[in-house]
1. Among 436-446, 111-121, how do they line up by average Cβ neighbours within 10 Å per residue, starting with the highest?
2. Please state, rounded to one decimal and in Å, the Kirkwood hydrodynamic radius that the chain gives when every pair of distinct Cα atoms enters the mean of 1/r.
3. What area, in nm² and to one decimal, does the C-alpha convex hull of region 109-195 cast on average over all directions?
4. With +1 assigned to the C-beta of every Lys and Arg and -1 to the C-beta of every Asp and Glu, and no other charges, what is the dipole magnitude of the chain about the Cα centre in debye, to the nearest 20?
5. Calculate for the chain the 222 nm mean residue ellipticity that helices alone would give, adding -39,500 (n - 2.57) per DSSP H run of length 4 or more and normalising by residue count, nearest 500 deg cm²/dmol.
6. What ³J(HN,Hα) values, in whole Hz, does the Karplus curve 6.51 cos²θ - 1.76 cosθ + 1.60 give for region 84-97 when θ = phi - 60°, with x put for Gly and Pro?
7. Under 15 Å from the Cα of residue 526, which aspartates and glutamates turn up, not counting those fewer than eight places away in the same chain?
8. How do 464, 235 stack up against each other in accessible area, from largest to smallest, with a 1.4 angstrom probe?
Amino acid sequence: MASGFYKVPTAVNEPVRSYAPDSPERRELLETYQKMYGEKVDIPFYIGGKEYRTGNTVDIHPPHDHQHCVGQYHKAEREHIELAVEKALEARSKWAATPWEHRAAIFLKAADLLAGPFRYRMNAATMIAQSKNVFQAEIDAACELIDFLRFNVSFMTEIYSNQPQSAPGMWNRMEYRALEGFVYAVTPFNFTAIAGNLPASPAMMGNVLIWKPARSQVYSAQVIMELFKAAGLPDGVINLVTGDSATITEVLLDSPDFAGVHFTGSTPVFNSFWETIGKNIDRYKTYPRIVGETGGKDFIWAHPSAHPQEVATAISRGAFEYQGQKCSAASRAYLPKSLWSTIRAAVEKDLQSFKMGSPEDTANFINAVIDKRAYTKLSGYIEQARKDDDADIIIGGTCDDRTGYFIEPTVIVTTNPKYETMCTELFGPVITVYVYEDNDWEQVLDLIDNTSEFALTGAIFSGDRYVIETATNKLENAAGNFYINDKPTGAVVGQQPFGGARASGTNDKAGSVWNLLRWTSNRTIKETFVPPTDYRYPFLGK
Ligand code: NAD
C-alpha cells in the first residue's frame with residue numbers, strides 16, 4: 001500500500017450567497033422551495049444503510065402554515081433501536097480501520113456536494129420545516145454545515161500530527177483510535193448545521209453513530225442522510241433513527257457498547273442523560289464521553305459610552321433573527337438610562353419595519369416559531385407580562401396562530417432585574433430590558449453574572465477601553481462566547497469556536513479541535529530499538 005503524509009485542502013469559510021432580487025440563487029432556491037412544498041415525502045429511518053418504514057407515522061407541517069402537510073416520517077420501535085446498535089457495531093470494525101484520508105475525502109466530498117447540487121434542497125428543506133428565511137437557511141444549512149465539514153477535516157489532521165517526543169533508542173508514537181462502541185448523537189430543531197455536524201464529527205474520527213434528530217427537523221435530516229450517502233459514507237456508520245425520544249434514549253444508554261453522547265438541546269434533557277449515564281456507569285465497557293451544548297440566557301450590556309445605534313442594531317438582529325430561536329439569541333438587555341430613549345426609538349423603528357410571514361416571501365425578516373408547544377409557551381409569558389406590575393410590553397406582543405405560529409417580535413421592559421423573563425430561557429422573539437442608572441454600570445455587571453444559571457453568549461458595548469477591560473474581566477465566566485461591540489449571535493466555524501459553560505453545556509466548542517478531541521481515545525506506543533538484555537542497573541554494582 002502506498003503511503004504519504006497528506007496535506008488536506010486549506011479550509012476557508014463558504015461564501016454566503018446574497019439572494020438579492022434577480023439573482024440566480026434566489027430564483028433557483030424559490031423554485032426548489034415551491035416544488036418541495038407541493039410534494040409529499042415519505043421519510044424512512046436508516047439502519048445499516050437500509051430504509052425502514054413501520055407505517056407508524058408522524059405528519060410534517062411547516063410552522064408557518066400548520067394546515068399544510070409536506071409528508072410524513074416513520075417511527076422506529078424498540079427492536080429497531082436494538083438493531084441500529086447491532087448494525088453500527090458491525091460497521092465499526094471496517095470504518096474504524098479505514099485510513100483517515102479516506103474518511104476525510106468522504107466529508108470533503110459531502111461539503112462540495114452541499115456547496116453545489118445539494119445546496120438549494122438543503123436550504124429549502126430548512127425553510128419549509130424549520131421556518132427560516134432565505135438568509136437564515138443559507139448561513140445555517142449550507143454555509144455552516146459546509147464549514148463544519150471542511151474545517152473539521154483540517155482539525156482532525158492537526159490532532160493526528162500531535163506526536164510525543166522520542167528519547168534516543170526509542171520511538172514514541174501516539175495513535176488516535178475511535179471510541180470503543182457507538183456514539184449517540186442527539187440534535188435540536190434549530191440548526192440544520194448542528195444536526196449534520198453532531199453525527200459527522202465523531203464519524204470523521206472513525207466512530208459509528210446512532211443519530212436521533214428533533215422531530216421538527218426530520219425533514220432536513222433526511223436530506224443530510226442523502227448527502228452523506230451521495231458522498232460515499234459506508235452503510236451503518238451513521239444510522240438515523242426517528243421515534244419516541246425517551247424509548248430510543250433508554251435503549252441506547254442501556255447498552256454496554258454506549259461510548260459517548262454528542263448532544264445539543266435544552267439543559268433539562270441533557271441533565272437527564274447525564275443522570276441515566278451515571279446510574280448505568282457499571283454496565284459500560286468504557287467510560288462514555290459526555291458532550292452537550294445546551295441552553296442560554298444571552299445578554300447585551302451597554303455602557304453609557306456605547307453608540308446607541310450600534311446597540312439598537314445588535315438588539316434587532318441579535319434578539320429577533322430566526323425568531324430568537326438561536327441558542328445565542330439575546331434575550332436580556334441592560335441599558336443605561338442616558339441612552340435608553342435613543343436605543344428604544346431605534347429598536348422600535350426597526351421592529352415596525354420587520355415583515356412577518358412565510359419564508360417563501362423573501363421580504364419577511366420574521367417567520368413562525370417552531371411548533372404549537374413553543375407558541376403556547378411564548379404567548380403565555382407575554383400574557384403574564386401584561387398582567388405583572390413590574391413588567392411592561394413596549395413593543396409587539398401580538399400572537400396569532402390561525403395560519404402559522406406567529407409571535408410578533410416583543411420587547412418587555414422590567415423594573416425588576418430578576419423578573420422571570422430576565423432569568424428563564426424563553427427561546428423565542430422576546431427580549432426583556434432592564435434600564436439602569438448610569439452610575440451603577442459596574443454593579444450591573446455583577447447582576448448579569450448572577451442572574452442566570454446559563455453562560456453561553458453575551459455582548460458588551462462601550463467606547464471606553466478601560467470599561468471594556470473591566471467588563472471583560474467581571475464577566476469572565478458569564479459567557480463561553482463573548483462579544484465586544486457586536487451582537488451575541490452569528491458565530492462562524494473556524495473563527496469563533498462555539499459553546500458555553502455553567503448550565504449551557506460542557507463547552508467543548510463545536511467545530512473545533514477541542515470538540516474532535518472528545519471523539520478519539522489515544523493509545524501511546526513506545527517502541528524500543530535495542531532492548532536491554534540484563535535487568536541489573538549500574539547502581540546495583542559494588
Ligand atoms: P430539546 O431539548 O427539546 O431537544 C433536543 C433533542 O433532545 C431533540 O432531538 C429531542 O427529540 C431530544 N429529546 C427531547 N426530550 C427528550 C427526552 N426526554 N429524552 C431523550 N431525548 C429527548 O431542544 P430543542 O427545542 O430541539 O432545541 C432548543 C434548545 O437547544 C434550547 O435550549 C437551545 O438553547 C439549545 N441549543 C443550544 C445550542 C448550543 O450550542 N448551546 C445550540 C442549539 C440549540
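1. Result, highest mean first: 111-121, 436-446.
2. 24.7
3. Mean orientational projected area (region 109-195, Cα hull): 7.8 nm².
4. Dipole about the Cα centre, nearest 20: 1600 debye.
5. After summing the helix terms and dividing by the residues of the chain, the value is -12000 deg cm²/dmol.
6. Going residue by residue, I get 4, 4, 4, 5, 5, 5, 4, 6, 4, 4, 7, 5, 5, 8 Hz, with x marking Gly and Pro.
7. 175
8. Sorted by accessible area, descending: 235, 464.
The values are calculated or read from the model by the stated rules, or taken from the named source; none is laboratory data. Because the structure is a prediction, the values reported are computed rather than measured. Here the Cβ is made from the backbone with ideal geometry for all residues, glycine too, and neighbour counts use every protein chain on show. These area figures cover heavy atoms from the full protein model, side chains too; ligands, DNA and RNA do not enter into them. Shrake-Rupley method; radii C 1.70, N 1.55, O 1.52, S 1.80 Å.
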